[in-house]
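Below is one structure, written out as structure tokens; the observations come after it.
The values are calculated or read from the model by the stated rules, or taken from the named source; none is laboratory data. Worth saying up front: this structure is predicted, and the values here are computed from it rather than measured. When we count neighbours, we look across all protein chains shown, and the Cβ atoms used for this are built from the backbone with ideal geometry, even at glycine. For the accessible areas, the whole protein counts, side chains as well, though only heavy atoms, and no ligand, DNA or RNA atoms are used. Shrake-Rupley method; radii C 1.70, N 1.55, O 1.52, S 1.80 Å.
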Amino acid sequence: MIETRLLRQFIVVAQELHFHKAAARLHMAQPPLSQAIARLEEKLGFSLLLRNRRGVTLTPAGADFLHSAQRTLETLEQGIQQARDVAQGLAGTLRISSLSLAGYPMLLASLRRFRQTLPGVRLALREMPSAGQLKALLNDDTDLAFMRDLPLPAGQIVSRLILDEPIVIALPHDHPQARASEVDLQDLATEDFVFTRQALGSGYHNQLMALCTAAGFTPKVAQEAERIHTLLGLVACGFGVALVPQSMADTALQGSVAYRPLSAVGTQSRPSIGLYMNWHRDNPSPQLQRFMALLDAHPPTA
């Protein structure tokens, strides 16, 4: 392995073609510099310089090696700067998992602001259900997760509520209550319901079930879906009705699904569901810290 110090010394000698001038530039005595170049030639196995009374000239091999030495040091400097930027959160990758971002323009605005502020950081985005996001956090497969409420392992995950959005009822467009100003959930007690599977997000699933319980009934689940967009497709086709976050009403199947507000349910005058931003307490990512600082300066708002 050739030391970078030897490469730097050789480059200065090759530029000056004079040991005394090169030693002055390097702030060292001439004899140690001559010895350093001799050691470099010995390591390489060929001569770099021709020395005579009139001065120093590069051998053909020395002239070629000069370009290699310069490229090597330039690449090293670039690598050091890139690593420094990664360490400071100015470059590198931030892994973000989320429910569908289409319904959350405030999150998209935050991501856009982050890209504009730190263009050197790559955002790696993945859509996945809440349960999958929690698993990804615990396995260090994501840095930041935008997900529904779930039981969290004590002391490991930090969770912050960023949005509390209304729950609405999704109805086939020809449903008798599709044009109602608001729907009493108890009036749908005999209807077929469509739910996403509990395994995809037990907190979300349980909260919707509890809402029906508060309205005085246990929903008859006629169909289950893997994704909420599939669930709404089933509603559009008449398989049943569904409880969904307001964000879905702004983005999905508006022509074939009617989204109506719910009237008070039990003690809840405005049934709602939270969207949480979660990260692992021990995550050392400087990119994550940069993102959190940006959100603190510009909180996402609905």
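Odds and ends about this structure:
- Test: residue 86 is in contact with a strand residue (DSSP E or B) (Cβ under 6 Å, 6 or more places away or on another chain) and part of a helix (DSSP H, G or I): yes
- Criterion (farther than 28 Å from residue 151 by Cβ, open to solvent by less than 70 Å² (accessible area, probe 1.4 Å) and part of a loop (DSSP other than H, G, I, E, B)) met by exactly one of 238, 255: 238
- Among the conditions (1) under 30 Å from residue 293 (Cβ atoms); (2) of a type in the set (Gly, Ala, Ser); (3) part of a strand (DSSP E or B), residue 222 misses just one, which is (1).
- Some residue of the range 23-35 being assigned to a strand (DSSP E or B) and touching an Asp or Glu at 6+ places or on another chain (Cβ under 9 Å): no
- Selection count where residues are within 19 Å of residue 264 (Cα to Cα), outside any loop (DSSP other than H, G, I, E, B) and open to solvent by 40 Å² or more (accessible area, probe 1.4 Å), scope the range 160-209: 6
- Looking only at residues of the range 39-51 that are part of a helix (DSSP H, G or I) and open to solvent by less than 50 Å² (accessible area, probe 1.4 Å), we find that the one that is farthest from residue 14 (Cα to Cα) is 44.
- Hits in the range 258-273 - residues which are open to solvent by 10 Å² or more (accessible area, probe 1.4 Å) and part of a strand (DSSP E or B): 258, 259, 260, 261, 262, 268, 272
- Any hit, the range 52-75, residues being out of contact with any Pro (no Cβ under 6 Å at 6 or more places or on another chain), open to solvent by 80 Å² or more (accessible area, probe 1.4 Å) and under 29 Å from residue 284 (Cβ atoms): yes
- Whenever a residue of the range 74-103 is over 25 Å from residue 135 (Cα atoms), its partners that are surrounded by fewer than 16 Cβ atoms within 10 Å (Cβ to Cβ) and of a type outside the set (S, T, N, Q), lying with C-beta atoms within less than 8 angstrom and at least six residues away or across chains, give the pairs 85/120; 90/120; 91/120.
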